[in-house]
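Participant: This is the structure I have questions about; it appears just below.
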Amino acid sequence: MDPNYVWPPAAQPWSDLPESTRTAMVASGAAAWEQVFHGRATYNRQWRLARPPVLTADAFRELNEVCDRIAQLILQACRRRASTAGQLRRLLDVPEGETRLLDEDEPLHDGLLAAFRPDVLLSDGVPCIVEYNIDSSLGGAFDADTVIYRYADLYRERGLLDGVRPAPSLLDQRFVAIRDTLGLADGARVALLMDLDADYPGLEDPETFLRILDPLADRAKHFGIDLVIAGLATATVDAGKHLLVGGAPVDALFRLFVPNRVTPSAGLDAVAAALAAGTLPMFVSAAAWLLGNKLNYAWLWADLDLLSEADRTLVRRYVPHTVALTADQLDRALADQANLVAKPAGGSAGYGVLIGRELSPVAWEDGVRAAVDAGGNILQRYHHADRVPMDFVRIETGETVTAEVPYSLAPYLFGRTASGALARVGFPGCEEVLNLARGVLLTGILLTD
């Protein structure tokens, strides 16, 4: 990891490909967009990508190393203030019981970093890590892997993969991390449980949604895992408090539901009972969710003097300046509106985010004052998202359009090992906040040497 690494321009890896290759990639992607994005999550009814973003392998490796180190610094900042999950919850002012399945006595151990996905904007050509998602319930993984390998198959058929390859499979690396983190024996029966009552595209037809995930179970077999995919509500326990899924005991749980937004059910109670009895290894502990609270960013900045020079450089270069949004920050927030963003510290999916420069002074003041009164919010330095040329298909006409749009990268590290990444790509005329609810397009990434 080089703290002074010079990042290549975001558009360069694509433009460095031969023009004939670029033309053929866009044409083939535009012709096969229905095949590439079949069954993938989106709210966008107007646009599809005609190609994925392209990064250099060196830049992607550097990004993953930076993200891994900053995740360690976040854990260290939490440990300086708390030794257990319960102590951390109270410091973060998270209400008791809001984070389901939380063991308040669990130590803040290294294993809490078994799965994380930072969200990274490119701002003036440099990655800006706006937040960390630290948990097993990381969205977008299946979509990113599926889409990029469909693109790769399409390009391979047409002889277009010379010097270009998909990023390593993040789904494969997640299975490796599940197996190794939990110390599973070959053939272990692992339940992947989802909250089928959550708000996510496709869950209006749960049976079809689960059927689309069947390839995950097939892939898990390559890693010695007998994966059983089911709705959380269907889980039960036997007399010995062992979790039952599909009528049979499981050796472990892969938790793919968010612990603070999960729908209450008898199945959730069954999982809680098995965890309390010590009969259910789980990937990952609900304590990991607390590490992703955005107040931890404020702690990183508050602790700069305690860090090594190299770590201080990393935080200053890649982490936007962040403080807790409290009454003593109100005057600064109002005076510097254009350069600030207010966010719920425990929020996700862009909900409740206030971007100062996008609001009138009255709307900003009202929003910030309400956030101060409510508590649990942060104030973060605004970083614009660079716009990069991307190619799109207009669904209604089949027309191919090139437009400069923002996009964010979300590299997945499982077992602190880098794998693939999710790209959230804007679309012609999109807003700056990039999340699924606002119509962004999801894909994986291609790498070049």
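The values are calculated or read from the model by the stated rules, or taken from the named source; none is laboratory data. Treat the numbers as computed from the prediction; the structure is a model and nothing was measured. With ideal geometry, Cβ positions are generated from the backbone for all residues, glycine too; neighbour counts draw on all protein chains shown. Please note that ligands, DNA and RNA were not included when accessible areas were found on the heavy atoms of the full protein model with its side chains. Shrake-Rupley method; radii C 1.70, N 1.55, O 1.52, S 1.80 Å.
Participant: Which residues, taken from region 324-335, are open to solvent by 40 Å² or more (accessible area, probe 1.4 Å) and either within 16 Å of Lys294 (Cβ to Cβ) or out of contact with any helix residue (DSSP H, G or I) (no Cβ under 7 Å at 6 or more places or on another chain) (or both)?
Facilitator: Thr326, Asp328, Asp331, Arg332, Ala335 - these are the residues of region 324-335 that are open to solvent by 40 Å² or more (accessible area, probe 1.4 Å) and either within 16 Å of Lys294 (Cβ to Cβ) or out of contact with any helix residue (DSSP H, G or I) (no Cβ under 7 Å at 6 or more places or on another chain) (or both).
Participant: Separate question: So the check is Cβ under 9 Å with 6+ separation or different chains; which pairs have a first residue in region 82-98 that's on the phi > 0 side of the Ramachandran plot and a second one that's modelled with pLDDT of 95 or more?
Facilitator: Pairs found: Asp93/Leu295.
Participant: Also, I was wondering about something else. For residues that are β-branched (Val, Ile, Thr) and open to solvent by 60 Å² or more (accessible area, probe 1.4 Å), scanning just region 224-261, find the one that is nearest to Leu193 (Cα to Cα).
Facilitator: Taking the candidates together, the pick is Thr234.
Participant: Name the one entry in Arg100, Arg69 that is in a loop (DSSP other than H, G, I, E, B), farther than 29 Å from Cys430 by Cβ, out of contact with any Ser or Thr (no Cβ under 7 Å at 6 or more places or on another chain) and modelled with pLDDT of 95 or more.
Facilitator: After applying the criteria, what remains is Arg100.
Participant: Related question: Against the definition (touching a Leu at 6+ places or on another chain (Cβ under 9 Å), open to solvent by 40 Å² or more (accessible area, probe 1.4 Å) and of a type outside the set (Val, Ile, Thr)), how does Trp289 come out, yes or no?
Facilitator: Here the answer is yes, as Trp289 does meet what is asked.
Participant: For region 109-147, which positions are open to solvent by less than 30 Å² (accessible area, probe 1.4 Å) and part of a helix (DSSP H, G or I)?
Facilitator: Leu112, Leu113, Ala141, Asp143, Ala144, Asp145, Thr146, Val147, listed by residue number.
Participant: Right, next: Only one of these is buried (at least 19 other Cβ atoms within 10 Å of the Cβ), more than 26 Å from Ala71 (Cβ to Cβ) and of a type in the set (D, E, K, R): Arg150, Arg158. Name it.
Facilitator: So the residue among Arg150, Arg158 that is buried (at least 19 other Cβ atoms within 10 Å of the Cβ), more than 26 Å from Ala71 (Cβ to Cβ) and of a type in the set (D, E, K, R) is Arg150.
Participant: Given the conditions (1) in contact with a Leu (Cβ under 6 Å, 6 or more places away or on another chain); (2) of a type in the set (S, T, N, Q); (3) open to solvent by less than 20 Å² (accessible area, probe 1.4 Å), which single one is not true for Gln380?
Facilitator: Condition (1) is where Gln380 drops out.
Participant: Can you confirm whether region 161-179 contains a residue that is touching an Asp or Glu at 6+ places or on another chain (Cβ under 8 Å), within 30 Å of Val250 (Cβ to Cβ) and in a loop (DSSP other than H, G, I, E, B)?
Facilitator: Within region 161-179, one or more residues are touching an Asp or Glu at 6+ places or on another chain (Cβ under 8 Å), within 30 Å of Val250 (Cβ to Cβ) and in a loop (DSSP other than H, G, I, E, B).
Participant: Out of Leu280, Leu268, Leu291, I need the residue that is out of contact with any strand residue (DSSP E or B) (no Cβ under 6 Å at 6 or more places or on another chain), touching a residue at least 24 places away in the same chain (Cβ under 8 Å) and among the hydrophobic types (A, V, I, L, M, F, W, C). Which one?
Facilitator: Exactly one of Leu280, Leu268, Leu291 is out of contact with any strand residue (DSSP E or B) (no Cβ under 6 Å at 6 or more places or on another chain), touching a residue at least 24 places away in the same chain (Cβ under 8 Å) and among the hydrophobic types (A, V, I, L, M, F, W, C), namely Leu268.
Participant: Please state which of the following conditions Gly163 fails to meet, knowing it meets all the rest: (1) small (Gly, Ala, Ser); (2) surrounded by 23 or more Cβ atoms within 10 Å (Cβ to Cβ); (3) more than 24 Å from Gly231 (Cβ to Cβ).
Facilitator: Unmet for Gly163, out of (1) small (Gly, Ala, Ser); (2) surrounded by 23 or more Cβ atoms within 10 Å (Cβ to Cβ); (3) more than 24 Å from Gly231 (Cβ to Cβ): (2).
Participant: So, one more: Could you run through region 38-83 and say how many residues are surrounded by 19 or more Cβ atoms within 10 Å (Cβ to Cβ), under 18 Å from the mean Cα position of the chain (by Cα) and of a type in the set (Lys, Arg)?
Facilitator: So the count comes out to 1.
Participant: Among Ala403, Ala385, Ala418, Ala410, which is the only one that is assigned to a loop (DSSP other than H, G, I, E, B) and either open to solvent by 20 Å² or more (accessible area, probe 1.4 Å) or not charged (D, E, K, R) (or both)?
Facilitator: Ala385
Participant: Tally time: how many residues in region 262-279 are part of a loop (DSSP other than H, G, I, E, B) and open to solvent by less than 10 Å² (accessible area, probe 1.4 Å)?
Facilitator: 0
Participant: Tell me which of these Ser285 doesn't satisfy, since it passes every other one: (1) in contact with a strand residue (DSSP E or B) (Cβ under 8 Å, 6 or more places away or on another chain); (2) in contact (Cβ under 8 Å) with a residue 24 or more places away in the chain.
Facilitator: Answer for Ser285: the failing condition is (1).
Participant: Checking the condition open to solvent by 10 Å² or more (accessible area, probe 1.4 Å), under 29 Å from Thr181 (Cα atoms) and in contact with a helix residue (DSSP H, G or I) (Cβ under 6 Å, 6 or more places away or on another chain), which residue from Glu104, Glu98 passes?
Facilitator: Among Glu104, Glu98, only Glu104 is open to solvent by 10 Å² or more (accessible area, probe 1.4 Å), under 29 Å from Thr181 (Cα atoms) and in contact with a helix residue (DSSP H, G or I) (Cβ under 6 Å, 6 or more places away or on another chain).
Residue-by-condition table, conditions (1) open to solvent by less than 40 Å² (accessible area, probe 1.4 Å); (2) within 29 Å of Asp58 (Cβ to Cβ); (3) in contact with a Ser or Thr (Cβ under 9 Å, 6 or more places away or on another chain):
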residue: Asp2; (1), (2), (3): no, yes, no
residue: Val6; (1), (2), (3): no, yes, no
residue: Ala10; (1), (2), (3): yes, yes, no
residue: Ser15; (1), (2), (3): no, yes, no
residue: Arg22; (1), (2), (3): no, yes, yes
residue: Ala30; (1), (2), (3): yes, no, yes
residue: Trp33; (1), (2), (3): no, no, no
residue: Val36; (1), (2), (3): yes, yes, yes
